[in-house]
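Structure first, then comments.
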Amino acid sequence: MHKYLDLFCSYAVIVLLWQSSMTVPASLKELNKIEIIRQADGVYRLDHAVTATQKDILQAFNMTAATVKKEAATLGKTLEVLTN
């Protein structure tokens, strides 16, 4: 299974680089800007909206901004349980 995942990731990176002028390190730096923070009400949420550049990078991996929001919400619930 990992063999196919590695192949898919390699293909996605090649497509990303071909479609844009971003390098892999630049793409990773851009994705690192996606953060969740704990709000005043104790709920974890995305710190900022997903940018157009981040959406383009995510698209190479068949992901959307909605996927990121859903994963952030799931992670937030896990963190909430661990911190209480």
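The values are calculated or read from the model by the stated rules, or taken from the named source; none is laboratory data. Note that this is a predicted model, so its numbers are computed, not measured. Using ideal geometry, Cβ is built from the backbone for each residue, glycine included, and neighbour counts are taken over all protein chains shown.
Brief remarks follow.
- Subset of region 31-45 [at pLDDT 90 or above and either of a type in the set (Ser, Thr, Tyr) or outside any loop (DSSP other than H, G, I, E, B) (or both)]: Asn32
- Tabulated pairs, region 67-84, first within 16 Å of Gln54 (Cα to Cα), second in a helix (DSSP H, G or I), C-beta under 7 angstrom, 6+ apart or interchain: Val68/Leu58
- Selection from region 35-66 of residues that are over 23 Å from Leu79 (Cβ atoms) and touching a helix residue (DSSP H, G or I) at 6+ places or on another chain (Cβ under 6 Å): Thr53, Lys55, Ile57, Ala60, Phe61
Every residue, every condition in (1) surrounded by 15 or more Cβ atoms within 10 Å (Cβ to Cβ); (2) touching a strand residue (DSSP E or B) at 6+ places or on another chain (Cβ under 8 Å); (3) among the polar types (S, T, N, Q), yes or no:
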residue: Pro25; (1), (2), (3): no, no, no
residue: Ile37; (1), (2), (3): no, yes, no
residue: Ala40; (1), (2), (3): no, no, no
residue: Ala49; (1), (2), (3): no, no, no
residue: Ala52; (1), (2), (3): no, no, no
residue: Lys55; (1), (2), (3): no, no, no
residue: Lys70; (1), (2), (3): no, no, no
residue: Gly76; (1), (2), (3): yes, yes, no
